[in-house]
Amino acid sequence: MEVDSSNARGKGRARRDNEAKVLLCAYCGRELKNTAKENAAYGENPYPCDEEVHGICHVCGGDPDAATPEGRLGEVLTQEVKDRLLVVAERLTPKRRAKFLAMPLEEQAMVVFRLLNRGKIL
């Protein structure tokens, strides 16, 4: 019985072709390659976008090597957090509000996303 090895070669080639494919950022429309260097969603499971069409650029989705908190969160997450900061802050006591607003942006983001995951805010 003969084993067709062309199928195994084809799978590797398909993976390389998919990685080299040019995608569009789901938020800003910028072109990017499907690589970890350019696609912030590369390797995520489940993939948050249409796999064959969209990715997330590091400007929108965040760059872990960025120097600023806004750069690490990305423009989209930074805006989502900032939109909800006052909603969260106004429901706190004055003492807790002052502590919350004095936190670094990344810590505030963790609080906001924790509340979102629990369904406490929209």
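Computed from the coordinates by the stated procedures, all read-outs in this text should not be read as laboratory data. Owing to the predicted nature of the structure, the values given are computational and were not obtained by experimental measurement. Don't worry about glycine lacking a Cβ; one is built from the backbone with ideal geometry, like all the others, and counts go over all protein chains shown.
For segment 35-122, which trypsin sites (Lys or Arg not before Pro) are both in a DSSP coil and crowded by at most 16 other Cβ atoms within 10 Å?
The qualifying sites are 37, 91, 120.
Evaluate the distance, in nm, between pseudo-label points positioned 7 Å from the Cα of residue 37 and of residue 106 along their respective Cα→Cβ axes.
2.4
Multiply the residue separation of residue 122 and residue 96 by 0.36 nm, subtract the distance between their alpha-carbon atoms, and state the gained length in nm to one decimal.
Result for the pair: 7.3 nm of gain on full extension.
Using the Cα centre of segment 65-122 as origin and beta-carbon charges of +1 (Lys, Arg) and -1 (Asp, Glu), tell me which of 69, 93, 117 is placed farthest towards the positive end of the dipole.
Sorting the options by dipole projection puts first 93.
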